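Okay, so here's the structure we're looking at.
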Amino acid sequence: MLWGDFVFYAENTETIVAVMFCVALWIVTGLNATTIALTSWTSGNFVMERISQLYKYLFKIYGNPEILQHLWYLTWVFFYSIMLFFIWKMMKKYQLAVTPYSKMIAVVISFLSLIQVMRYADRFVFGTDILAMFYQWGVFFLNIIPVVVIMVSFKIAFSKPKY
């Protein structure tokens, strides 16, 4: 299995799990900052996964034109910015307090955007390609961290104490 295929499979699985947690959170806790942040992050990831498949298809058809390479990184920065804006706007609209989970998701989205900008600068401004491995693994793990943390927290919160 190629790296790109593995990442797409893992991110699809992560998105399905995150969607289940969004639904569970909405049912259990109602509208709060965590559900808004998780829903924004999950929806954004779903759209970005579909766009990445379109880009990969275009790369396959047209080779590797430079414009698509530039669009690859800039598209993700754009979507991460939209996610952060949506979280901020919804929390402001409903006057919701920041929760540790919503803060974690916003920080993860910010770091994902920063990684995209760093990788763009690495490839196209400096031409060094030093951050290739950091980019691959950093994006992969940062996309999984919120789901794992929330899953563990739910397990701890809803497990029955053993006396």
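The values are calculated or read from the model by the stated rules, or taken from the named source; none is laboratory data. Treat the numbers as computed from the prediction; the structure is a model and nothing was measured. Heads up, the Cβs are rebuilt from the backbone with ideal geometry, glycines too, and the neighbour counts pull from every protein chain shown. With ligands, DNA and RNA removed, areas are computed over all heavy atoms of the protein, side chains included. Shrake-Rupley method; radii C 1.70, N 1.55, O 1.52, S 1.80 Å.
Please give the helix 66-93 orientation as an angle from the longest Cα principal axis of the chain, in degrees from 0 to 90, rounded to the nearest 10. Roughly 20 degrees between the two axes. For LYS89 and LEU54, the FRET efficiency from 1/(1 + (r/R0)^6), where r spans their Cβ atoms and R0 equals 25 Å, is about 0.40. Apply the Debye scattering formula to region 5-117, with a single equal point scatterer on each alpha-carbon and no solvent, then give log10 I(q)/I(0) at q = 0.14, 0.19, 0.22 Å⁻¹. Log10 of I(q)/I(0), two decimals: -0.62, -1.01, -1.23. Ordering VAL108, TRP76, CYS22 by Cα displacement along the dipole of region 18-163 toward the positive end leaves CYS22 in first place; charges were set at the Cβ atoms of Lys, Arg (+1) and Asp, Glu (-1). Calculated accessible area for region 1-126 comes out at 57 Å² per residue, all protein chains present (probe 1.4 Å; ligands, DNA, RNA ignored). Relative to its residue count, region 28-93 spans a Cα convex hull of 67 Å³ per residue.
Could you tell me how many degrees, from 0 to 90 and to the nearest 10, lie between the Cα long axis of helix 3-29 and the main elongation axis, the longest principal axis, of the Cα atoms of the chain? Helix 3-29 sits at roughly 30 degrees to that axis. Nearest 10 degrees, 0 to 90: what angle lies between the long axis of helix 132-158 and the longest principal axis of the chain (Cα atoms)? Its long axis makes an angle of about 10 degrees.
Within the accessible surface of the chain, defined with a 1.4 Å probe on protein heavy atoms only, the carbon and sulfur portion equals 73 percent. Think of it as helices only: each DSSP H run of n ≥ 4 in the chain is worth -39500 (n - 2.57), and spread over all residues that comes to -29000 deg cm²/dmol at 222 nm.
A Cβ-based charge dipole, computed about the Cα centre of the chain with Lys and Arg at +1 and Asp and Glu at -1, lands at about 600 debye.
Computed from backbone phi with θ = phi - 60° and the Karplus coefficients 6.51, -1.76 and 1.60, the 3J(HN,Hα) list for region 42-52 is 5, 4, x, 5, 4, 5, 5, 5, 5, 5, 4 Hz; x is used for glycine and proline.
As a length-normalised measure over Cα pairs under 8 Å and 6 or more apart, the relative contact order of region 1-122 settles at 33 percent. Taking the Cα centre of region 79-163 as origin and assigning +1 to Lys and Arg Cβ atoms and -1 to Asp and Glu Cβ atoms, the resulting dipole is close to 520 debye.
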